[in-house]
1. Here is a list of conditions, (1) among the aliphatic types (A, V, I, L, M); (2) modelled with pLDDT of 95 or more; (3) surrounded by 13 or more Cβ atoms within 10 Å (Cβ to Cβ); (4) part of a helix (DSSP H, G or I), and residue 31 meets all of them except one; can you say which number that is?
2. Quick check on residue 74: is it at pLDDT below 95, within 30 Å of residue 111 (Cβ to Cβ) and of a type in the set (A, V, I, L, M, F, W, C)?
3. Residue by residue through region 11-43, note down the ones that are within 15 Å of residue 54 (Cβ to Cβ) and within 16 Å of the chain's Cα centre (by Cα).
4. Does any residue of region 88-96 turn out to be at pLDDT 80 or above and of a type outside the set (Ser, Thr, Tyr)?
5. Which of the residues that make up region 1-28 are among the acidic types (Asp, Glu) and surrounded by 14 or more Cβ atoms within 10 Å (Cβ to Cβ)?
6. Tell me, which residue of region 42-87 that is of a type in the set (Gly, Ala, Ser) and loosely packed, with under 15 Cβ neighbours inside 10 Å is farthest from residue 15 (Cα to Cα)?
7. Got a number for residues in region 19-28 being in a helix (DSSP H, G or I) and either modelled with pLDDT under 95 or touching a Phe, Trp or Tyr at 6+ places or on another chain (Cβ under 6 Å) (or both)?
Amino acid sequence: MIITSKSDYGLRAVLYLAECTGRVRLREISASQHIPESVCAQIMRKLVAAQIVLSQAGPAGGYTLARSPETISVASVLSASDRDICIFRCVEDGCDCDLDGKCAFQMVLKGFGKGIADYLDHLSLADLREQNGKLPEFHLPALTAGKAS
């Protein structure tokens, strides 16, 4: 699974916002989450554009979540922070492998990747914030076409 530094930073930044009350300044997010301030600014702009975070300029300005943590998926934050989640390169559109579409393992990776993507899509910021040491269980998708699972 490819989770870039920027997507990791974005997730940490919004989790921090989920724990704070009121607006939070960029410098505070950057310092508390150990994110370089210039990179944090880039990521926050992307999160604002994706309507995950609200931004207000001025002396009383800062960042807040655009909606409740229960309605923001981990997948949406990861994708907005850097790029769409790419689980395995060889199952994405534009695969440049000579065996594309003929590789048995590609189908295994496709199912596994779909399971991870679905899990992250259903996992919310609230789930991460309130995990108390336990996250929802991850289940791989069942095999299809009459095969045993």
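The values are calculated or read from the model by the stated rules, or taken from the named source; none is laboratory data. Since this is a predicted model, take the numbers as computed values, not measurements. Note that we place each Cβ from the backbone using ideal geometry, even for glycine, and neighbour counts take in every protein chain shown.
1. (3)
2. yes
3. Correct list: 13, 14, 16, 17, 18, 43.
4. Within region 88-96, none of the residues are at pLDDT 80 or above and of a type outside the set (Ser, Thr, Tyr).
5. 8, 28
6. The extreme case among them is 58.
7. The total comes to 1.
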